[in-house]
Amino acid sequence: PPPGQLRTWALMAACAATSVLSEEIPLKLGELVSGYVEEDDFLYYAAPIPKNAAAIKVIITPIFGDPDLYLSFTVDEPDDTTATWVMDEMGTEERLLRRQATDFCPTEPCSLHLSVYGYEAAEFRLAVYNSTDIGARGKENPLCAPSCNEFDLSDGICDTECNTTACFFDGGDCLVTHSRGTCDWRTRAGCPSSWIGDGVCDEECFVEECEWDGNDCAMTQSEEICHAGCMSSWINDGECDEECNVEECNYDGADCAHSATECYHEKDGSDYRGQMHTTTTNMECMKWTSQFPHQHTTTHQNFPNAGLGGHNYCRNPDGRESRPWCYTTDPHARWEFCDVPDAFSACLQNEVPHAVQIQAAIPCYIDGPTPSGPLVKFKEECGETGDNSTYGSICSRACCNAAEQAAMRCPTDPTYRDQYAQYVMDVQWTMLQHECTTCRVYQQFFDNAHVMGSIGGPAVVSFVGTTGFKVLLVAACIILVLLLAIVCVLVRFIYARKNYNLQTADVEGGVSDSDEDEFEWRTLPSGRASGSSRICCQGAVATLLPSRWAHPGFSRIHTAPLVALYHTDHEPATRRGAGAGRAWSERSMAQSTEAR
């Protein structure tokens, strides 16, 4: 076949191979599968869910590396921006999904779509199996094996009662052998000993057993840890962290609204930041960071401006209900409204709600031994840009949320706005490179880029964000400056030349038309010169003028004495030959100079 046809076949084969690789792998309930995923790559699975399943449990255990897991019943091949549930912690993770949960099997037949993302290259074990609702299960109906307590799974200790295939080898605890109480035990949770003291802050190693990651998470060796699990950079970063919401850490700065009153202005209570934590029936509220006893997606990750996080205070994210509410700690009551005061009723005169105050109070950047603030969190969540970026960081909801928080505070900061603007530009182009354009705060930029892409194609958009484009842009700017300099020099030369010609013409045309009648012009003898004596003498005058007379101030009146030499009353005695003419002209010039 001709070469063109061979190339076409090769392209079709490559596309077919890509399509096969991206297809979802069937996953049976109760089946333990092994897998390997490259860094910044995906593996996709799909597990059919029977109609009689009251709940299912998903569990993933890394053998090495760091795999993340995205779950959805509504979206094929979910990622961090489209998944309903995200499992992105280090070590073994499990997630219980009940049929009452949001988006659980909205249609039949139903499948759970799973995407394993390689935050680092990882080998893993994955399983999805039936689970029975905790409230309806007794000792006679164990979860996976007799005498195996569900809460013993994935707790870091290998329990022999749960060390079965049905119990996924105690939730992965029995797949790796370690001794509890040492940092080696924490390796099961994702902290290899090589990470400690390597100069990189690893959240997984930020525990007492691992000596707080060997002070990698502290800017100075003398910086003290305010509370176990609370990193200094988490304070005043815009998210209420449960580990920092303690008195020793000043209740996570302003993040957990610890100093807020019951005052709010919105009728639906969407700006309520008080500390009411019981329902109208006096049931205790569940923490927003918890998924037990109720599975939910109302988290800070999905509602970054709603005041959610590591606390159990009543809230109304985005005004979805008529007044503040919370999930309860009672397994039989999913959520209830809270008995908060009416809008304005708890406000002092001219009091501004805490939700409004906090938007203006937190600066873009908070300096200190460990810097914090929206700009710091923005860079931490989005990570590196350009060729060194990763899909998992730059396209995550955490990155988008941090970008939104920084956009509210940094553009008006006179000290850090330039640094912020440069990083925003890099993040936007990097998001385009990874084709993740769902971040609302940059929607206008993505729309404009879409127009440019429709004109020049995706290759143009992709190239614009590369380092090569930046080099070409700088080179183009330098060339443009050089061209402007050359144009300026040429303009100046032309202008100077034009002035010189005007001055010369002014000298040559020194006699006005009215003066010509007073003179008698004579024609030189034949062969002495060509043309009229008028032309000859005009040339002589122009030739004999001293260079110092070639000045804009040298006007026609200065040439009048020279031209007057040709008047009939002042005819020279001798005019023989070119030499005599020149001698006569020089004497005439001298006499004219003396006369002046």
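The values are calculated or read from the model by the stated rules, or taken from the named source; none is laboratory data. Remember, it's a predicted structure, so these values are computed and weren't measured experimentally. Using ideal geometry, Cβ is built from the backbone for each residue, glycine included, and neighbour counts are taken over all protein chains shown. What goes into the accessible areas is simple: the full protein's heavy atoms, side chains included, and nothing from ligands, DNA or RNA. Shrake-Rupley method; radii C 1.70, N 1.55, O 1.52, S 1.80 Å.
Structural remarks
- Whichever residue in the stretch 292-324 is open to solvent by 10 Å² or more (accessible area, probe 1.4 Å) and outside any loop (DSSP other than H, G, I, E, B) and, among such residues, is modelled with the highest pLDDT: 319
- Selected residue (criterion: nearest to residue 288 (Cα to Cα)) from residues of the stretch 329-370 that are in a loop (DSSP other than H, G, I, E, B) and β-branched (Val, Ile, Thr): 329
- Failed item in (1) touching a helix residue (DSSP H, G or I) at 6+ places or on another chain (Cβ under 7 Å); (2) in a helix (DSSP H, G or I); (3) open to solvent by 40 Å² or more (accessible area, probe 1.4 Å), with residue 422 passing the rest: (1)
- Residues that are aliphatic (A, V, I, L, M) and crowded, with 19+ Cβ neighbours inside 10 Å, drawn from the stretch 56-86: 56, 58, 59, 60, 69, 71, 83, 86
- One residue from 36, 45 being among the aromatic types (Phe, Trp, Tyr) and surrounded by fewer than 19 Cβ atoms within 10 Å (Cβ to Cβ): 36
- Hits in the stretch 57-98 (condition: of a type in the set (A, V, I, L, M) and out of contact with any Leu (no Cβ under 7 Å at 6 or more places or on another chain)): 59, 63, 75, 86, 90, 96, 97
- Considering only residues in the stretch 243-278 that are open to solvent by 50 Å² or more (accessible area, probe 1.4 Å) and either among the small types (Gly, Ala, Ser) or assigned to a helix (DSSP H, G or I) (or both), the one that is nearest to residue 349 (Cα to Cα) turns out to be 259.
- Subset tally (residues that are farther than 30 Å from residue 384 by Cα and part of a strand (DSSP E or B)) for the stretch 109-132: 8
- Residue match in the stretch 311-334 (condition: on the phi > 0 side of the Ramachandran plot and without any contact (Cβ under 8 Å) to a residue 24 or more places away in the chain): no
- Between 328, 297, the distinction of being β-branched (Val, Ile, Thr) and either over 19 Å from residue 98 (Cα atoms) or out of contact with any His (no Cβ under 8 Å at 6 or more places or on another chain) (or both) belongs to 297 only.
- Residue ID - nearest to residue 40 (Cα to Cα), chosen from residues in the stretch 396-412 that are outside any helix (DSSP H, G or I) and open to solvent by less than 30 Å² (accessible area, probe 1.4 Å): 396
- Helices (runs of 4 or more DSSP H) contained in the stretch 425-536 and holding at least 2 residues at pLDDT 80 or above: 443-456, 467-508
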